[in-house]
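Q: Here you go, one structure.
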Amino acid sequence: FQPARPWPNSMAKLLSIDAVDAVVARCVRDVEAIDVHTHLLPPTHGNLLLWGIDELLTYHYLVAELFMVMPCVSEEDSVSVGDAAPSPDDFYGWPKPRQAELVFEELFVKRTPLSEACRGVVTTLSRLGRGEQLRAAVRLPSRPRLTALRDWFAAQDASDHLERVFRLSKLKYAVMTNIPFAPEEAEHWTASPQPPLTPRLKTALRVDPMLVGDWRGICSVLRRASPPHPLSMEGCVAYLKEWVRRIRPIYLMASTPAGFTYTPTAAGPAAVRKQPPAGGGSAAEEG
C-alpha cells in the first residue's frame with residue numbers, strides 16, 4: 001500500500017488497538033450528515049417552514065401512533081371528546097395546538113414515550129435545553145400542558161433556530177422539496193428582490209402534478225406565471241426550465257401514482273409533443 005501523499009507526522013504511527021475505539025467514536029461524533037430529502041423550507045417562506053412544539057407533536061408518525069392506541073380498552077385510559085375518541089376527520093378539523101395537546105396527552109403523559117417518533121421529540125427538546133419544561137408539562141394536572149413550550153418557541157428567531165438545530169444535529173445541509181406547481185410556495189421564489197438562501201438548505205425540483213395528470217392545476221399555474229406560459233406541454237417544459245434557472249435544484253424528484261406506467265413511443269419525442277396533455281383534454285378546452 002502506497003498512500004497518495006505522505007502521512008502527516010502526527011499520523012506516522014499506527015494506532016494501538018486500545019486507541020481505535022476512541023478514534024472511531026470521535027470521528028462518528030464529529031462527522032456532519034446530509035439529509036437528502038426533507039420538507040423544510042426557508043424561514044423567508046413564512047408559515048411554510050413548520051417548526052415549534054405543535055409541529056413536532058403532529059408529525060404524521062405520531063398522529064398514526066395516536067390512532068393506533070385510540071380508542072383505549074379501559075375507560076380510565078380513554079380520551080373523552082363527547083363520549084368517544086375523535087375520528088380522524090374530527091381530529092384534522094381541530095386547530096394544530098389542540099391536536100398537539102391530544103397527542104402529548106396520549107403518547108407522553110398516559111404512556112411512556114418509547115417509540116422512535118416519541119423518542120425523537122424527547123431528544124429534540126432535551127438537546128434544545130427544554131428537558132425540564134417537558135417534564136413539567138407531563139406533571140401538570142390537566143390540559144393545556146404545552147403553554148410554556150409554545151412560549152419558548154414563539155420567542156425564538158426562525159433563522160437562528162434553524163441554524164441551532166442544524167448545528168446541534170451535526171447536519172451540514174438538507175435538501176428541500178420544491179414544487180413549482182404549488183402557488184403558495186411559488187410566490188416566495190418569485191419575490192423581488194429574492195432574499196439569500198441559507199447554505200443549510202439546498203433545492204430540489206418535484207414534478208408530481210405532471211405524472212398524476214393534474215392538467216387543470218398545471219394550466220392554472222401556467223396562466224398565473226409572469227409572463228404567462230402557453231397551455232401546452234411546450235409551455236410546461238418552458239416553465240420548468242425557468243424554475244431550474246431560478247432555484248438551481250440539485251436533483252429532480254417525483255412520486256408516481258399507483259398504477260403508473262410509462263410506454264415509450266417508437267416515433268420518438270416529436271410524436272410525444274403531439275399527444276394531448278396528461279389527464280386528457282386539450283389546452284384549448286382549458287382556455
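Q: Test P97 against the stated conditions and say whether it is in contact with a helix residue (DSSP H, G or I) (Cβ under 6 Å, 6 or more places away or on another chain), of a type outside the set (A, V, I, L, M) and either at pLDDT 90 or above or under 21 Å from P144 (Cβ atoms) (or both). Even if it seems obvious, please write down each step before you answer.
A: Numbers: in contact with a helix residue (DSSP H, G or I) (Cβ under 6 Å, 6 or more places away or on another chain): yes; of a type outside the set (A, V, I, L, M): yes; either at pLDDT 90 or above or under 21 Å from P144 (Cβ atoms) (or both): yes.
For P97, the condition - in contact with a helix residue (DSSP H, G or I) (Cβ under 6 Å, 6 or more places away or on another chain), of a type outside the set (A, V, I, L, M) and either at pLDDT 90 or above or under 21 Å from P144 (Cβ atoms) (or both) - is met.
Q: Just for region 124-162: of the residues that are within 14 Å of L56 (Cα to Cα) and not in a helix (DSSP H, G or I), which one is least open to solvent (accessible area, probe 1.4 Å)?
A: That would be L146.
Q: Scan region 21-44 and report the pairs whose first residue is of a type in the set (G, A, S) and whose second residue is open to solvent by 80 Å² or more (accessible area, probe 1.4 Å) and not in a loop (DSSP other than H, G, I, E, B), with Cβ atoms within less than 9 Å and a gap of 6+ or a chain change.
A: A33/K172
Q: In region 113-143, how many are of a type in the set (S, T, Y) and at pLDDT below 95?
A: 1
Q: Here is a follow-up. Which of the residues belonging to region 131-177 are in contact (Cβ under 8 Å) with a residue 12 or more places away in the chain and polar (S, T, N, Q)?
A: Q133, S159, S169, T177
For (1) part of a helix (DSSP H, G or I); (2) open to solvent by 70 Å² or more (accessible area, probe 1.4 Å); (3) under 24 Å from K170 (Cα atoms); (4) modelled with pLDDT of 95 or more, each residue gets a yes or a no:
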position: F1; (1), (2), (3), (4): no, yes, no, no
position: V24; (1), (2), (3), (4): yes, yes, yes, no
position: I34; (1), (2), (3), (4): no, yes, yes, yes
position: V73; (1), (2), (3), (4): no, yes, no, no
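Q: Follow-up question, since we're still on this one. Tell me whether region 170-181 contains one or more residues that are within 30 Å of E105 (Cβ to Cβ) and not in a loop (DSSP other than H, G, I, E, B).
A: No, there is no match, as no residue in region 170-181 is within 30 Å of E105 (Cβ to Cβ) and not in a loop (DSSP other than H, G, I, E, B).
Q: Consider E184 against the criteria (1) at pLDDT 90 or above; (2) part of a loop (DSSP other than H, G, I, E, B): it satisfies all of them except one. Which criterion is unmet?
A: The single condition E184 does not satisfy is (2).
Q: Ok, one more. Which one of these does L197 not meet: (1) of a type outside the set (S, T, Y); (2) in a helix (DSSP H, G or I); (3) farther than 21 Å from T58 by Cα?
A: Among (1) of a type outside the set (S, T, Y); (2) in a helix (DSSP H, G or I); (3) farther than 21 Å from T58 by Cα, the lone unmet condition for L197 is (2).
Q: Quick check: is even one residue across region 174-191 open to solvent by less than 40 Å² (accessible area, probe 1.4 Å), at positive phi and not acidic (D, E)?
A: Applying the first criterion (open to solvent by less than 40 Å² (accessible area, probe 1.4 Å)) to region 174-191 yields 174-178, 180-182, 185-186, 189.
When the remaining residues are screened for being at positive phi, the result is none.
No, that holds for no residue.
Q: Which residues, taken from region 219-241, are under 23 Å from V175 (Cβ atoms), surrounded by 13 or more Cβ atoms within 10 Å (Cβ to Cβ) and not β-branched (V, I, T)?
A: Y239, L240
Q: From R216, R167, R206, which residue is modelled with pLDDT of 95 or more, out of contact with any Phe, Trp or Tyr (no Cβ under 6 Å at 6 or more places or on another chain), open to solvent by 60 Å² or more (accessible area, probe 1.4 Å) and among the basic types (K, R)? Quick ask: steps written out before the conclusion?
A: Numbers: R216 fails: modelled with pLDDT of 95 or more; R206 fails: open to solvent by 60 Å² or more (accessible area, probe 1.4 Å).
Result of the check over R216, R167, R206: R167.
The values are calculated or read from the model by the stated rules, or taken from the named source; none is laboratory data. A quick note: this is a predicted structure, and the numbers were derived from the prediction, not measured. Reconstructed Cβ throughout: ideal geometry from the backbone, glycine too, with neighbour counts over all protein chains shown. Protein only, heavy atoms only, side chains kept; ligands, DNA and RNA dropped before computing areas. Shrake-Rupley method; radii C 1.70, N 1.55, O 1.52, S 1.80 Å.
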